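The structure under discussion appears below in the form of structure tokens.
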Amino acid sequence: MSYTGEIPPGDGPVIRELAGLTITKVSVGPMDNNAYLLRCRSTGDQLLIDAANEAPRLLELIGDAGLSTVVTTHQHPDHWLALTDVVTATGARSLVHTDDADGLPIPSETLADGDVVRFGDCELEVTHIVGHTPGSVVLLYRDPEGIPHLFTGDVLFPGGVGNTDRDPERFAPLIDGVEHKIFGRLPDETWFYPGHGKDGTLGNERPALPEWRARGW
């Protein structure tokens, strides 16, 4: 079965095989959080994006191959409820943007805009986008043999940007960051993987950017 990115709440995993990277997506917890386990196919090194919930399920997914790194996309608790248990069990390093580090339950190494996170022969480019939280990040994998793959946390979803509680002072930098740092830099075929729900492509969402800006959420 081809990968579509659709996964029933609390279900999964679903797996996408790229030339150099395997992406495993699973939905956890009562808030339908997506967690993504990335495995470098040449070395077997693994990285987890958002240890959101249900630590036993995530640890079963990680398996005997171990885990080198957990990246938390932002400080909201539904994205890190399993972080302490996963890090304690695996010895993985924990990474989060410096502006959201105080919101995590364990000490973590901090990220900044433009950083590169490496695991095995793979790497993720870090982009900081303010608005949903002060330290939200998106993570870009540039497939050398295919399309770009972007892990967006709660910054971007099919149908709109992340929640800012209708606060114009939070919405303005978020929509600006999404428009310029994501849509302004990456092509339409870029596939994105959000923190909840189904995946999307930038090409499908690009025509709606003016509508999102006009409605203010």
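Histogrammed with a bin width of 10 Å, the alpha carbon distances of the range 31-83 distribute as 26, 56, 17, 1 percent, first bin at zero. Summary value for the range 1-131: 17 percent relative contact order, contacts being C-alpha pairs under 8 angstrom separated by 6+ residues. Couplings for the range 39-45, taken from phi via the Karplus curve 6.51 cos²θ - 1.76 cosθ + 1.60 with θ = phi - 60°, read 10, 5, 6, 7, 10, x, 4 Hz in order; Gly and Pro are left as x.
Quick note: the coordinates plus some simple rules give every number you see, no bench work behind them. Keep in mind it's a predicted model, so treat the numbers as computed, not measured.
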